Amino acid sequence: MALTIACGGITSGLKVYLFLTSSSVDLVRKRGVDMTHVPPLDPLKKLLEDFMARGGTVWACPPCVKARGYVQEDFVDGVVIQGASAMHELIKSGAATLSF
């Protein structure tokens, strides 16, 4: 659902970032993204590809990635391992937040 709402934000003209923490980093691994589908929504892979193709940014929490033994190459193209400080900079400059 979060990706559907995020794409709606892009449609509305917003620059949208996803900051993935905890087990959500498992979902954007190259093979992990293929295993998630919650009908009636599109499969996660399609939702993620649509979000990124429309300019959405996906950041994965470094400690969450490290705790699972993942490295950058484990993730689908476009997912970036990025610390919370980048998100905090956006918030300090006036970005709104929505959490799922």
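Of the residues making up the stretch 85-100, those that are more than 15 Å from Ser24 (Cα to Cα) and hydrophobic (A, V, I, L, M, F, W, C) are Ala86, Met87, Leu90, Ile91, Ala95, Ala96, Leu98. One residue stands out in the stretch 27-65 among those that are of a type in the set (D, E, K, R) and out of contact with any strand residue (DSSP E or B) (no Cβ under 9 Å at 6 or more places or on another chain): the one that is nearest to Met87 (Cα to Cα), namely Arg54.
Could you list, in sequence order, all residues of the stretch 37-72 that are open to solvent by 40 Å² or more (accessible area, probe 1.4 Å) and not in a helix (DSSP H, G or I)? Residues satisfying the conditions are His37, Val38, Pro39, Pro40, Leu41, Asp42, Pro43, Arg54, Arg68, Gly69, Tyr70, Val71. Considering only residues in the stretch 1-24 that are assigned to a helix (DSSP H, G or I) and of a type outside the set (A, V, I, L, M, F, W, C), the one that is least open to solvent (accessible area, probe 1.4 Å) turns out to be Gly9. Listed by first and then second residue, the pairs linking a residue in the stretch 7-31 that is closer than 15 Å to Asp77 by Cα and in contact (Cβ under 8 Å) with a residue 24 or more places away in the chain to a residue that is in a helix (DSSP H, G or I) and open to solvent by 40 Å² or more (accessible area, probe 1.4 Å), with Cβ atoms under 6 Å apart and 6 or more places separating them unless they lie on different chains, are Arg29/Asp74.
Checking the stretch 78-92 against the condition returns no match, with no residue being over 12 Å from Leu20 (Cβ atoms), surrounded by 13 or more Cβ atoms within 10 Å (Cβ to Cβ) and of a type in the set (D, E, K, R).
The values are calculated or read from the model by the stated rules, or taken from the named source; none is laboratory data. Here the structure is a predicted model, which means the values were calculated and not measured. Neighbour counts are summed over all protein chains in view; Cβ atoms, including those assigned to glycine, are modelled from backbone coordinates with ideal geometry. With ligands, DNA and RNA removed, areas are computed over all heavy atoms of the protein, side chains included. Shrake-Rupley method; radii C 1.70, N 1.55, O 1.52, S 1.80 Å.
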